[in-house]
1. If residue 35 passes every condition in (1) over 18 Å from residue 77 (Cβ atoms); (2) surrounded by 12 or more Cβ atoms within 10 Å (Cβ to Cβ); (3) in contact (Cβ under 8 Å) with a residue 24 or more places away in the chain but one, which one does it miss?
């Protein structure tokens, strides 16, 4: 399963969400993460209509977090599996 992760290199919340995603990737071997950084790929953010970071887009859904939590990220991904 491929998910898109939208972040900024300067965002501590994004770094934490990335840590959670890497942890989930070790648990689910079919999880592929495509990462977009706003500083280097603004067009991807505009195309995906991402307004807040960190954000994850998977299948037809997308979700952003002010304070990302491991269980919320996992649940978002697994409920669309």
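Here, each number is a calculation from the coordinates, and none is a lab measurement. Computed from a predicted model, the values in this text were never measured in an experiment. When we count neighbours, we look across all protein chains shown, and the Cβ atoms used for this are built from the backbone with ideal geometry, even at glycine.
1. (1)
A quick yes/no check of all residues on (1) exposed (fewer than 11 other Cβ atoms within 10 Å of the Cβ); (2) within 17 Å of residue 78 (Cα to Cα):
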site	(1), (2)
2	no, yes
18	no, yes
30	yes, yes
50	no, no
55	no, yes
58	no, yes
65	no, yes
